[in-house]
Structures are given as C-alpha cells and as structure tokens.
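Data block below; observations after.
Coordinate-derived values only; no laboratory data. Everything numeric here is computed off the predicted structure, so don't read it as measured data. FYI the Cβ positions are ideal-geometry reconstructions off the backbone, even for glycines, and counts take in every protein chain you see.
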Amino acid sequence: MAQSSSEHRISRRALLRGTAAGAGAVALPTLLTACGGPGKEVKIGSNASDAVPRKAFAEVFKAYEKKSGKDVKVNTVDHESFQENINRYLKGTPDDVFMWFAGYRMQFFAQQGLLADISDLWDGFDGFSGALKKQSTGEDGKQYFVPYYYYPWAVFYRKSVFEQRGYEIPKTFDEYRALAKRMDKDGLDAFAFGDKDGWPAMGTFDYLNMRANGYDFHISLMSGKESWTDPKVKNVFDLWRGLMPYHQKGANGRTWQEAAQSLAQKKSGMAVFGLPHPGQQFSDADRSDLDFFPFPEIDSGYGQDAVEAPIDGFLLSKKSKKQKEAKELLKYLATPAAEEKYLMRDPNNVAVHKEASTGSYNALQKKAAELVSGAKQISQFMDRDTRPDFASQVMIRAIQQFINKPDDIDGLTKDIESQKKTIFAAS
Amino acid sequence: MPLKTARRAGRRTGPRKFSNRDLAVIGVLLGIPILIDLALIWGPTLASIGLSFTSWDGIGDIKWVGTDNYQALFSDYPPFWPAVRNNVLWLAFLGLVATPFGLLLAVLIDRGVRFSRVYQSTIYMPVVLSLAIVGFMAQLVFSRDQGALNAVLGNEDNPVDWLGDPDLNIWMVLIAAAWRHTGYVMILYLAGLKSVDASLKEAAAIDGAGEVQTFFRIVLPTLRPVNVIVLVITVIEALRAFDIVYAINHGRNGLELLSVLVTDNIIGEASRIGFGSAVAVVLLTVSLGFIVTYLVQELRGEKKG
C-alpha cells in the first residue's frame, strides 16, 4: 500500500506509453501502404464480385499472364459498393485498369479528367462497330473505353405459351397492344413487371421513347437538352399508360426476380428484360423454352432501329503510372480470343468483337448477337445514358410514382423537368 | 491506510495542486480525446454545414451556391416532405404506440403472469436482431406474391401489396420496427419495476388506492430515471431509422426517411454532396432540438438534486 502513489505514476506512464503505441498502430498501416512502392504487376479494379463472372475473369487474366509473361493483380470489390464508391476510388489511388460501363457514365469521368485517352489503341482496333466506337468516345471525341461484352434488352416470352395459345410475335405497337389484350382475356398477366429496385422499368421507358421519338431524341433527352414537358415525352408516358392495365399489378412491391419467375411459371405472357435477367429464374429444363423478340415498332420512321444493349468494359485511369503496361493489357482484352475465353464461362452476355467465335453460344446468345449487329443505334439503358444522380434521384422515383398513378402525366413531367433543371445546372 | 489519506489530504491543501508533469499528463490525456472529438465529430459536422452551401460532386471544384440547395430542397425535391412526415410518424408511432405497449407488457410480466419467463424471452428476442434483418423478415411476411400474410389471409386473387402500396407500406414497416422496439422498452421497464420499493405500493393500497391509481400516481413517478432513458432511446431510434427501409426498397415509394435521402445523395456515383449535406443539416437541426431539450432537462434536474 505504501507504494500506491508510485504505482499510480507507473500506471500513468504506462497509459501514456499505451496511448502512443495505439496512435502508432493507427498510423502504421497508412505508412505501410505509402511505402509499398509500385510492384511489377498491372492492377485491375474489378466489380465482378458474383461467382460466375469472377471465375470467368480470373481465367481471362491468367491467360494474359501466360501469354505476355506479365503479372496481373485483380482487386475485386462487391459490385454495388464498387459503383457507390467509384468517385472516391478514382480520386484516391485507383488501380491501373478498372471495369466500368460505356456511354454517359464513362463520359462523365472522362470530362473530369480522370481517364486516360486511349485513342491510339483504337486506331489499331478493327473488330468494333461504329456504334461501339461511339459508345466508347468521350464528348471531346477521344476514346476512353475498351468494350468487352454487352447484353441486349428485348421482350422475353415462353415459346410453349405462344405455341399453345397461337399467339404471334407482334411487329407493331398495335399488334403488341392487341396481343396484351388477348392474353388478359386468357387469364394471363400480359407483362411480368417488377420495379421494387427502381431500375427495371427504365428499360420499358427507353424503348417506348426510342420507338416513338427516335434514338437521337432519346439521347438528347437523357443528356438534359430536351424538356420533359415536351408533348413527345408526354406521349411516351401516355403510350405506357395504355399498356398499364395489362402489366402485373403491384410492381413497386415486386423484385425483377419475382417478375421473371411469374414468366417462368406461365402466369405472365411477356416481359421487357435484359438478356441475363429472365434466364436466371428459369430452371435448366425450361431455359430452352425462353425466347425474345425486339421491342415492337411505334413510328415507322424509326422502325426497330435502336437496340438497348448496355456495354461493359475497361477503362485506364489517368493516375496510373503504368500507362504502357496497362495499354498492353487493354489491347489483349480487345481481342476476340479474350472475349471468347470469358464467354465460355459466362453465357449470359454476348461478345462485342466482330470476329469473336459464336461457336459456344446458346440459341438466345446467337439471337442476341444478331439483334445487336443489325442495330443502327445502340443505347445504354437510362441509368447509363444520363447523369447517374438524375437517374437514381429523380427518375426512379418518377417512374415508381407513374406506376402508382399513371393518370397524372402533366404533374409528373413538370416535376421531373424542374428537378432536371436543378441537377443539370449544378455543374 | 490512515497515513496515506493524511498525506494525500496534505498535498491537496498545498500551494500547488498539480506539478508540471501532472499538468502535462492531464493536457495530453484530455487533449487527445478532445482532438479526436474535434476531428471525427465536430470537423465533419461543420464541414457538412459548410458544404451544404456549395454544389460539389466529390470530384470537381467546390462551387459556392448560397442557399440554393435549401431552396431546391424545400420547393423542388418531392421526397423531402414525405421524408419529414415519415420521420415524425416514426417518432409518434414508437413514442405513442410501441413504448406504452412495451410498458404495458412489462407491468403484466412484472405482476407475475404464468409463463412470464417465456413471454419475456419471446418478446425480447427481436431486440437482438439488426433492423436490417427485421426488414428482410418483413419482406417474407408482407411480400405481395410470395408473402406469408397474403397466404394466411387467402386473398390470392387480389392480394394486398403491403410493401409496394405507398399508402400502406409505411405502416407495415412501423409495425415491424415496433415489434423490435417493444421488446427493448419492455426489458428496460422490467428492470425499473423490479427496483420500485414494494412498501410504497403497500402504503398506497392501505390508503385505498386502486391498481391503476397506484400505477400512475406511485409507480410511474418513481420510474422517472427509466422514463428518461426510454424517451431518449425512442427519439434516437426514430431519428436513426434507416436500415429497415433501406433493406426493403432503398427508402423509396412511400418509405422515404431523411437519413435515406442523405445517404442517397452523398453516396453514389455522381454524388450530390452539397445537396445531401443540406438534407443532413436539416436532420442535424432536428436532432439538436431534442439533444438541447434533453440536456436542459438534465442540467436542471442536477441543480435541483
């Protein structure tokens, strides 16, 4: 007990020492990463966190390592987190090469000066269509993107249901509506519909807009240059409203997976989806029964020219200190061999390169490849063709509101327009 | 022992209370937490307030826009008022329904109904779950096509869209949130009730007070410290509500909350950090209202004591 006061002092000292050590422990990892100098390998930021694509990509990169004798290091991040953190990622210390999307979503970062110009690589590319090049080009006319694969959107249905009931593939919007009416009479939901996640219904809007007003108007509307109160836009919602009675009710409470299941269970007749979506909800036995047709024509002036086909691919970050090595990797990823290697393992997408072999494709993939190669224009889906904040903050809500109350089109479009002005004026 | 106390007391009356070294130690030990507090709490808070007057996307230059964000927020951002309304609703529902219900359950269990341990653990069970998980469970129950509730009700032809109908879903979510909150409140009150002096109740009974009267006049006032804690918890739960609606539908289509609007605007690809900060400042102002009221009450109580 007599020592108690010195004990106190010791414990105080120990405490201080402990604090210092603690502070050191906090600072140490940062120092370590700062010390970790540039390794030999090229780093790739990957958002392919799902099992199938992750494995498929791993094989592609392994093949590259083998071929080039160089090292590739893949940093895989959960798909959603990757997207949510892309800003901070690009501003911080991004990997040399990273996965991303074509179109406006790429241009946005190109404009901010975060992407490296790869126009020189594009001079050597030969297997990509004009539409692909357009989607890989920034607003300054330079290329920033290496396309890798895409998946078109279309109207999916079950062959057996159509055969059994004698339905025919609609070419025009009138036939489409008539078919929907008939299905309704036959006790089916004509359109499987789920918009709980907010984005699936955007595909229907995009198609209605592109068929009624043309691709150019659609892109111009998406980039904020047109007014949403334009009668052309109101017409799009009006056409949609006409189809609403044939859509599955309660779409805002239903996920796209549940909607796709109702198509698989033959409770619904059709569904507007992207290629990877319905297949996942079909059993293996039923998958060959799944088919699609292009979204019907509304205005013969535009026909069925445009196809909605989001393209995924690779970008080179401007901050990368290994521009040369990274470009070599990108060059490899732009070859048909690299795409084939990937698609062997992931049959839900289609290669972008003209010469990529279609030998391993299933019937749906073949049809999807034909659909896109015949397209005069390729759009990228609403949330890739416009500012992401506009798509997620304004349009998701607006479309869900439209699903709840399809009658107030004037109020809805006015609402969208005033928010659009704020958002597009912000920068 | 006496020796030591004497020495200590002697030191305290000396001309210098602390040696230089003591001062240095105190300075460091108090300084570090203060610095951490400034850096991690006050810094970001003030930064948010500052950023709410700018338009910043997280990448480009920070541009000063004055009160534009607030104007847009109040007049031109449709989810804002529903979010405010839902936050208030949340507070009212937890405060006026779930909390009293938790108190009722606590009183019933405290009076020693049969199988009280079973009830106690059953009702407390949801409290160990995260609200996000409660959200997933709510979807299993309330989903339109595959949910348990519609199956039980047997309305297959015209199922109720519990979570998709914006007039309905907030109530369903509130019920799910209250399910958890009730257990929380119950356990706090149970602990409180155990400490109420039984002789007080006996005295009241001798004076001829009925059960209800005894409860409201005698028991509830002696529970004041617990009441304060429960009130604070209820307010905190209501203001920080986020995970359950985010798990269900990202807080859209009738489930808007201020906390979700903050996250939606700030996290994401083309972050509207300025605008999101403005929403955060609104939430901060509301929270400060409660915090200040609470602190004032507490300080007053202390003075009286």
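Which order, highest average first, do A:139-145, A:197-203 follow once you tally other Cβ atoms within 10 Å for each residue and take the mean per peptide?
Details: A:139-145: 17.3, A:197-203: 21.1.
The most tightly packed comes first, giving A:197-203, A:139-145.
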Just how far, in whole angstrom, is the stretch B:26-85 from the stretch A:232-271 if you go by their alpha carbon centroids?
40
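Hey, what does the equivalent ellipsoid look like for the stretch B:80-255, semi-axes from the Cα gyration tensor as sqrt of 5 times each eigenvalue, largest first, whole Å?
Working: eigenvalues 255, 67, 37 Å².
The three semi-axes for the stretch B:80-255 are 36, 18, 14 Å.
Quick one: pull the percentage of alpha-carbon pairs in the stretch A:46-138 with a separation above 23 Å. All intermediate terms of the calculation are to be shown ahead of the outcome.
On the way: 1553 of 4278 pairs.
Counting every Cα pair in the stretch A:46-138, those more than 23 Å apart make up 36 percent.
Peptide A:397-403: average number of partner chain Cβ atoms within 10 Å per residue?
Values: counts 7, 1, 1, 6, 5, 0, 2.
For this peptide, the per-residue mean of nearby foreign Cβ atoms is 3.
Which links in A:Lys266/A:Lys367; A:Lys232/A:Lys414; A:Lys67/A:Lys319; A:Lys171/A:Lys249; A:Lys134/A:Lys171 stretch past 18 Å when you go from one Cα to the other? All intermediate terms of the calculation are to be shown ahead of the outcome.
Values: A:Lys266/A:Lys367 22 Å; A:Lys232/A:Lys414 13 Å; A:Lys67/A:Lys319 26 Å; A:Lys171/A:Lys249 25 Å; A:Lys134/A:Lys171 28 Å.
Where the Cα-Cα span goes over 18 Å, the pairs concerned are A:Lys266/A:Lys367; A:Lys67/A:Lys319; A:Lys171/A:Lys249; A:Lys134/A:Lys171.
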Per residue, the convex hull volume that the Cα atoms of chain B enclose (Å³):
250
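Rounded, prolate or oblate: pick one for the protein assembly as shown, where a ≥ b ≥ c are the square roots of the eigenvalues of its C-alpha gyration tensor, a/c under 1.5 means rounded, and failing that, prolate if a/b is larger than b/c, else oblate. It would help to have the intermediate numbers written out before the result.
Numbers: a/c = 2.23, a/b = 1.44, b/c = 1.55.
Taking the square roots of the gyration eigenvalues as a ≥ b ≥ c, the protein assembly as shown is oblate.
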The stretch B:137-215-the stretch A:289-332 distance, computed between alpha-carbon centres (Å):
51
For the stretch B:80-255, with the dipole built from +1 on Lys and Arg beta-carbon atoms and -1 on Asp and Glu ones, taken about the Cα centre, which of B:Tyr246, B:His181, B:Gly135 lies farthest toward the positive end?
B:His181
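Suppose every K and R has +1 on its Cβ and every D and E has -1 on its Cβ; what is the size of the dipole of chain B about the Cα centre, in Debye to the nearest 20?
Working: 25 positive and 24 negative charges, 507 e Å.
Rounded to the nearest 20 debye, it is 2440 debye.
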Under the helix-only model (-39500 (n - 2.57) for each DSSP H run of 4 or more, divided by the residues of chain A), the mean residue ellipticity at 222 nm, to 500 deg cm²/dmol, is -15000 deg cm²/dmol
Peptides ranked, highest mean first, by Cβ atoms within 10 Å: ranges B:210-222, A:42-54, A:357-369
A:42-54, A:357-369, B:210-222
Surrounding net charge for A:Glu297, when Lys and Arg each add one and Asp and Glu each subtract one, Cβ distance under 12 Å:
-2
For peptide A:97-110, what's the mean number of Cβ atoms from other chains within 10 Å of each residue's Cβ?
1
Local electrostatic count at A:Gly194 - Lys and Arg +1, Asp and Glu -1, tallied over other residues with Cβ under 15 Å
-1
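Given a cut-off of 36 Å, what percent of all Cα-Cα pairs of chain A lie beyond it?
Working: 30620 of 90951 pairs.
Roughly 34 percent, once rounded to a whole number.
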So, relative contact order of the stretch B:201-305 in percent, Cα under 8 Å, 6 or more apart, is 14
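Please compute, for peptide B:249-259, the average count of beta-carbon atoms on other protein chains lying within 10 Å of each residue's beta-carbon. The partial results should precede the final answer.
Values: counts 8, 5, 0, 10, 12, 4, 0, 1, 0, 0, 0.
Per residue, the average neighbour count from other chains is 4.
For a quick protection proxy, order the peptides B:283-294, A:321-332 by their average other-Cβ count within 10 Å, most packed first. Intermediate results must be reported in sequence, preceding the final value.
Values: B:283-294: 13.8, A:321-332: 17.4.
Top to bottom by mean Cβ count within 10 Å: A:321-332, B:283-294.
Normalise the Cα radius of gyration of the stretch A:305-408 by 2.2 N^0.38 Å (N = residues in it) and let me know the number.
Details: Rg = 18.2 Å, N = 104, 2.2 N^0.38 = 12.8 Å.
It is 1.42.
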